[in-house]
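Shown next, in structure tokens, is the structure this report addresses.
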Amino acid sequence: MNRVVITGLGIYSCIGKNLEEVKESLYQGRSGIGFMQERKEIGFRSALSGVMERPNLKGLLDRRLRVGLAEQGEYAYLSTLEAMKNANIDEEFLKNNEVGILFGNDSSSKAVIESTDIVREKKDTMLLGSGYIFQAMNSTVSMNLSVIFKLRGINFTISAACASGSHAIGLGYLFIKHGMQDTIVCGGAQEVNPFSMGSFDALSAFSVRESDPTRASRPFDKNRDGLVPSGGAATVILESYESAVKRGAPILGEIIGYGFSSNGEHISQSTVDGLLRAMRMSLKDAGLTPQQIEYINAHATSTTHGDTSEAIAISEVFANCNPLVSSTKSMTGHECWMAGASEIVYSTLMMRDSFIAPNINFDEPDEYSEKLNIVSRTLNKNFDVFLSNSFGFGGTNSSLIVKKI
């Protein structure tokens, strides 16, 4: 079995457009949440969202390659550029090595709706042009990036709700561990436009604390009233340890455990049992005891049921261990399909720079979160092993364990 290491990271999120900006926001406990007037005007119950600046790729990417990129693909292109630079991967390396791509993405709503509107209004499909089909497919990110970067290895999209990005990294880990690939570009991407969030808003799942947006996302807090949607893209370059050492690549961490499960019950609500099994599987795969996990980046999205289920599960798996816990979603909101990948980036940056980002807006615990060792203010601390949880609609669960080398 091959060891699997992280050699590159890239990020484009509401708390920063690159690793350094994001690291500073994490350390300062700076929120990226804002009020989006457009959402209120079109009938949203909640106008809160992670605030993203749409990138301008003119001059950076040829128009022929831009035309098929959906919004989340633009974010993913930039995060992948940064990750490849971070990993010392250049065109020559891509030309001479079979590099794969596994990206988490579970919607491409804007392109679907826009193209449907054109057909309904004009009654002529020829007016759609060539770009919409490549923007509208769920595989839009992996298909576009594989062409842009001329990747020749494994190439598909993981569609697993809010665990998509985490499962992409988990599957990349398995492919490399079993010797089927040496290098894989993994990650997750999430569109931020209102089209992608309308049906979610209809579930009344979003916070309506609109008078104070940066205080709206409050995982584990007793007075939370729902999640805040967000997005962007995160890229994690996975590589076999042997390959990384051979080419002198930076090694930022090692993936040592991947656990997964399905709840098999309610379509939108998590179960304690499913979360327990995913975390325990990741520990077994890593060959670790619960006592060896120093930090947990919780999935906790700021919903009553979800946070409660995870708090109960963490308390049971890590009884008497008391690992440090925080949810970076308190700052970023819920980055959905991207979250499982971005939270590996966030946690790896913390591990590299010896601090734990705070679970901001954690003012009062409830009866379940009071049993956890939640970090509410930035903590300067060396740590060598962390676990990251990601759970999604349909009962899909993923837990990843990363250690410092």
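The values are calculated or read from the model by the stated rules, or taken from the named source; none is laboratory data. The structure displayed is predicted, hence computed values, not measured ones. When we count neighbours, we look across all protein chains shown, and the Cβ atoms used for this are built from the backbone with ideal geometry, even at glycine.
With respect to the numbered conditions (1) more than 26 Å from Ile113 (Cβ to Cβ); (2) of a type in the set (Val, Ile, Thr); (3) buried (at least 18 other Cβ atoms within 10 Å of the Cβ), which one is the sole condition not fulfilled by Ile158?
(1)
Looking at the stretch 77-95, I want the residues that are in the same structural domain as Ala233 (by TED's automatic domain parsing) and crowded, with 23+ Cβ neighbours inside 10 Å and have a partner that is assigned to a helix (DSSP H, G or I) and of a type in the set (Phe, Trp, Tyr) with Cβ atoms under 8 Å, at least 6 apart or on another chain. Which pairs are those?
Partner pairs satisfying both residue conditions: none exist.
Residues of the stretch 143-177 being among the charged types (D, E, K, R) and in a helix (DSSP H, G or I), which ones?
Lys177
For the stretch 179-294, give me every one of the strands (runs of 3 or more DSSP E) that falls completely inside it and has 2 or more residues that are more than 30 Å from Ala70 (Cβ to Cβ) and not aliphatic (A, V, I, L, M).
In the stretch 179-294, 253-262 are the strands (runs of 3 or more DSSP E) which contain 2 or more residues that are more than 30 Å from Ala70 (Cβ to Cβ) and not aliphatic (A, V, I, L, M).
From the set of residues in the stretch 99-142 that are closer than 28 Å to His167 by Cβ and assigned to a loop (DSSP other than H, G, I, E, B), which is farthest from the chain's Cα centre (by Cα)?
The residue in question is Met137.
Among the residues of the stretch 173-180, are any small (Gly, Ala, Ser), touching a helix residue (DSSP H, G or I) at 6+ places or on another chain (Cβ under 9 Å) and surrounded by fewer than 20 Cβ atoms within 10 Å (Cβ to Cβ)?
Taking the stretch 173-180 first, the residues small (Gly, Ala, Ser) are 179.
Still in the running and touching a helix residue (DSSP H, G or I) at 6+ places or on another chain (Cβ under 9 Å): none.
Among the residues of the stretch 173-180, not one is small (Gly, Ala, Ser), touching a helix residue (DSSP H, G or I) at 6+ places or on another chain (Cβ under 9 Å) and surrounded by fewer than 20 Cβ atoms within 10 Å (Cβ to Cβ), which makes the answer no.
How many residues are buried (at least 24 other Cβ atoms within 10 Å of the Cβ) and out of contact with any Leu (no Cβ under 6 Å at 6 or more places or on another chain) if we restrict to the stretch 317-345?
Count: 18.
Does the stretch 357-405 hold any residues that are of a type in the set (Val, Ile, Thr) and either under 19 Å from Ala234 (Cα atoms) or in the same structural domain as Val228 (by TED's automatic domain parsing) (or both), and which are they?
Answer for the stretch 357-405, where residues must be of a type in the set (Val, Ile, Thr) and either under 19 Å from Ala234 (Cα atoms) or in the same structural domain as Val228 (by TED's automatic domain parsing) (or both): Ile401, Val402.
Quick test for you: out of Phe260, Phe220, pick the one residue that is in contact with a helix residue (DSSP H, G or I) (Cβ under 6 Å, 6 or more places away or on another chain), at pLDDT 95 or above and crowded, with 23+ Cβ neighbours inside 10 Å.
Phe220
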